[in-house]
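Okay, here's the structure, questions in a sec.
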Amino acid sequence: MWNKTTKMSQVHENETLEDRVVEILSRLLPKSLMRFKCIRKSWCTLINSPSFVAKQLSNSVDNKFSSSTCILLNRSQTHVFPDNSWKQEVFWSMINLSIDSDEHNLHYDVEDLNIPFPLEDHDYVLILGYCNGIVCVTAGKNILLCNPTTREFMRLPSSCLLLPSRPKGKFELETVFRALGFGYDCKAKEYKVVQIIENSEYSDDERTYYHRIPLPHTAEVYTTAANSWREIKIDISTKTYSCSCQVYLKGFCYWYATDAEEYILSFDLGDEIFHRIQLPSRRESGFKFYYIFLRNESLASFCSRYDRSDKSESCEIWVMHNYDGVKSSWTKLLIIGPLQAIGKPLTFWKSDELLMLASDERATSYNSSTGNLKYLHIPPILNRVVDFQALIYVKSIVSFK
């Protein structure tokens, strides 16, 4: 006992005043850190240092000093004017969710964000990737990296593969953005954006769909270090279609995709190679997979089955384990329903609490242990479910410049 106490006192004696300042500051919220940068030049230098940024991020990821979970919400609404002109209104909010340990009551507060995205009237914003407090979004025709906490954003340079305008004649190449991923390459220690391009041409001058000729997909990678795009190899079916927001996990980007069957497309940010991952077979039971999301440190996939007789829906959540870049295994985690109020699940914000979008387009927290649904009031009321996105968000001071 004496030796243990002596060792602990020696550790505190060896700890300098600067070490204590770093420890205290790294536990503060990013909003406070931004203010503290203006107090002392030495604090500004410290807070901007890579080692401090990494420490603050580690504390935020571990969530050691907070009892709540932060969720970033992106939603939009079409505003129509009396003259029938219209514009897309984009709303970003952070919602902090917590539950009483004793009474199990749900508490939340909503903070609206004002981020000056470069948008035209008809543009909308979609979150297509997220990592370490930075989100990768499309805002109109632009691809942006954005830190909602610091309000910092950066516009990426133009693609090296996407053509600036649509061709007008037959047998001319048409390029269409199909999927985008964003994450951190631990080997190169830099952030990367990967973009998949769908290519085609038409055999008639009118360029009708029935005369469309699909061509092989192409792909490109953007790195923050080079601040430019370069083409990389991709080999997937010309019939492949990706309709999900990308998920980043442990050096891999993942998308829900489908061609003749549903599967997950993965991309290793280190070796820059694409892989195909099979989903569990659920077609015989009438279930269909739709998209993927994160649950803790695992990839989760959602499938559902609609019963027309009573207009109810049953859902299943599957979790992937032990993925090594080649093989994976799946476990059915949760069965929901049949319920008549299900729109779609959004994300797990606790081990047994699932944030969902109800069929009436209200945000709902579903407790998988009790089966209880609790509605969250997040104005404004939305017109279209597809415009509602949510992800577990870690507030950080990570910069991409």
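Let's test this: bin the Cα-Cα distances of the chain at 20 Å from zero up to the farthest pair and state each bin's percent.
Each 20 Å bin holds this share of Cα pairs: 23, 55, 20, 2, 0.
Here's another thing I want to ask about it. Relative contact order for the chain: what percent, with Cα pairs under 8 Å and sequence separation of 6 or more?
Relative contact order comes out at 13 percent.
Shifting gears a bit: Which order do the peptides 197-203, 394-400 take when ranked by the mean count of other beta-carbon atoms within 10 Å per residue, highest first?
394-400, 197-203
Could you give me the ³J(HN,Hα) list for segment 204-215, computed from phi with Karplus coefficients 6.51, -1.76, 1.60 and θ = phi - 60°, whole Hz, x at Gly and Pro?
Here the 3J(HN,Hα) series is 9, 5, 6, 6, 7, 4, 5, 9, 7, 10, x, 10 Hz.
Evaluate the relative contact order of segment 116-222 (contact order divided by residue number), counting alpha-carbon pairs under 8 angstrom at least 6 apart; express in whole percent.
Relative contact order of segment 116-222: 19 percent.
Taking all protein chains together and a probe of 1.4 Å, list W330, W349 from the most accessible to the least accessible.
Ranked from most to least accessible, the order is W330, W349.
OK, next. So how strong a dipole does the chain carry about its Cα centre when Lys and Arg Cβ are +1 and Asp and Glu Cβ are -1, to the nearest 20 debye?
760 debye
Given the options S51, F91, F117, identify the residue whose Cα lies farthest towards the positive end of the charge dipole of the chain (+1 on Cβ of Lys, Arg; -1 on Cβ of Asp, Glu).
Positive-most Cα among the choices belongs to S51.
While we're on this one: Specify which residue in the list T218, P82, L33 is farthest towards the positive end of the charge dipole of the chain, using unit charges on the beta carbon of Lys, Arg (+1) and Asp, Glu (-1), about the Cα centre.
Sorting the options by dipole projection puts first L33.
Please work out whether segment 58-177 counts as rounded, prolate or oblate from its C-alpha gyration tensor, where a ≥ b ≥ c are the square roots of the eigenvalues and a/c under 1.5 means rounded, while otherwise a/b larger than b/c means prolate and anything else oblate?
Prolate.
While we're looking at this one, here's another question. Considering only DSSP beta bridges where both residues belong to the chain, give the percentage that are antiparallel (nearest 5).
Percent antiparallel among DSSP bridges in the chain is about 100.
While we're on this one: Over the chain, with a Gaussian network built from C-alpha contacts below 10 Å, which listed residue (Y306, Y291, Y254) shows the highest mean-square fluctuation?
Greatest mean-square fluctuation among the candidates belongs to Y306.
The values are calculated or read from the model by the stated rules, or taken from the named source; none is laboratory data. Note that the structure is predicted; figures quoted are calculated from it, not measured. Neighbour counts run over all protein chains shown; Cβ positions are idealised from the backbone, glycine included. Just the protein is used for accessible areas: all its heavy atoms, side chains included, with ligands, DNA and RNA removed. Shrake-Rupley method; radii C 1.70, N 1.55, O 1.52, S 1.80 Å.
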